[in-house]
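Engineer: The structure under discussion is supplied below as structure tokens; questions concerning it will follow.
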Amino acid sequence: MPQKIANGKVVGFTYTLKDDQGQTVDQSQPQQPFEYLHGHQNIVSGLEKQLDGMEEGEERKVEVAPEEGYGVFDESLVFRVPAANFPQDVDLKPGMQFQSEGPQGAMVVTVTEVQDDVVTVDGNHPLAGQRLHFDVKIDSIREATEQELQHGHVHAHGHDH
Ligand code: ZN
């Protein structure tokens, strides 16, 4: 019987992630499958759900809606702030990311617009509001160790901590 992906299995897979425009926004390292512990929210929920039951060697196109991916776009996370609030030695440009204190603690914001003395920053995940288009191939499936199950994540190559 071939192994199937189920809760408590460590899964290694290779993937390419494209956005709605067909641009590749992320992919696994060449020859180095990404490993995660299935059933422990290590990866976006929509992807985890659709990988369930797949077998070693299987390939699939997986589409994930924003709600089960990086969230819907939240307008309330877009702020206009005075440029004076930023480090003065930085030449502010769209695309730059900063760590900021938000209502729920630290968050990463991306500069989306710089206009004179006002900077627009966006605290949404860069892929918020996007459908995710994954091409996945399952490379390996194994039982998780006792310790991995306790910690809720993979200990790659015998790594312990
Ligand atoms: Zn651990």
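Engineer: Please arrange Asp117, Asp139 by counting, for each residue, the other beta carbons lying within 10 Å of its beta carbon, fewest first.
Structural biologist: Ranked by crowding around the Cβ, least crowded first: Asp117, Asp139.
Engineer: I would also like to ask the following. Got a sec to turn the phi values of the stretch 49-66 into Karplus ³J(HN,Hα) couplings, 6.51 cos²θ - 1.76 cosθ + 1.60 with θ = phi - 60°, whole Hz, x for Gly and Pro?
Structural biologist: 4, 7, 7, 3, x, 6, 10, 3, x, 6, 10, 7, 8, 10, 9, 10, 6, x
Engineer: So, one more: Based only on the alpha carbon positions, what is the Kirkwood hydrodynamic radius of the stretch 1-47, in angstrom?
Structural biologist: Radius from the Kirkwood sum: 12.2 Å.
Engineer: A follow-up question, please. Can you give the Kirkwood hydrodynamic radius for the stretch 72-129, in Å, rounded to one decimal and based on Cα pairs?
Structural biologist: That comes to 11.7 Å for the stretch 72-129.
Engineer: Something else about it: Could you give the size of the charge dipole of the stretch 73-126 about its Cα centre, using +1 on the Cβ of each K and R and -1 on the Cβ of each D and E, expressed in debye and rounded to the nearest 20?
Structural biologist: In debye, rounded to 20, the stretch 73-126 gives about 100.
Engineer: Val119's amide H: which non-local residues (gap 5+, or another chain) put their own amide H closer than 5 Å, with H modeled 1.01 Å from N in plane and none for Pro or chain starts?
Structural biologist: For Val119, the qualifying residues are Val81, Ala83.
Engineer: Below 25 Å, Cα to Cα, which lysines can Lys9 reach? Residues fewer than 8 away in the same chain don't count.
Structural biologist: Reachable lysines: Lys49, Lys61, Lys137.
Engineer: Okay, next question. Provide Rg and Dmax in Å for the chain, with only Cα atoms included in the calculation.
Structural biologist: 19.2, 64
Engineer: Right, next: Using the Cα centre of the chain as the reference point, and only Cβ charges (+1 on K/R, -1 on D/E), how large is the resulting charge dipole? Debye, rounded to the nearest 20.
Structural biologist: Dipole magnitude for the chain comes out near 280 debye.
Engineer: Can you tell me which of 15-26, 121-132 comes out highest on packing, and rank the rest after it, using the mean Cβ neighbours within 10 Å?
Structural biologist: Highest to lowest by the protection proxy: 121-132, 15-26.
Engineer: Students often forget the sequence filter, so: which aspartates and glutamates lie under 14 Å Cα-Cα from Lys93 once same-chain residues fewer than 8 apart are removed?
Structural biologist: Glu113, Asp116, Asp117, Asp122
Engineer: In whole percent, what relative contact order does the stretch 18-161 give with Cα contacts below 8 Å and a gap of six or more residues?
Structural biologist: Taking the mean separation of contacting Cα pairs over the length of the stretch 18-161, I get 33 percent.
Readers should treat all values here as calculations from the given coordinates under stated rules, not as data from a laboratory. Model, not experiment: these values are computed from the prediction. Counting neighbours? That spans all protein chains shown, and the Cβs are built from the backbone with ideal geometry, glycine included.
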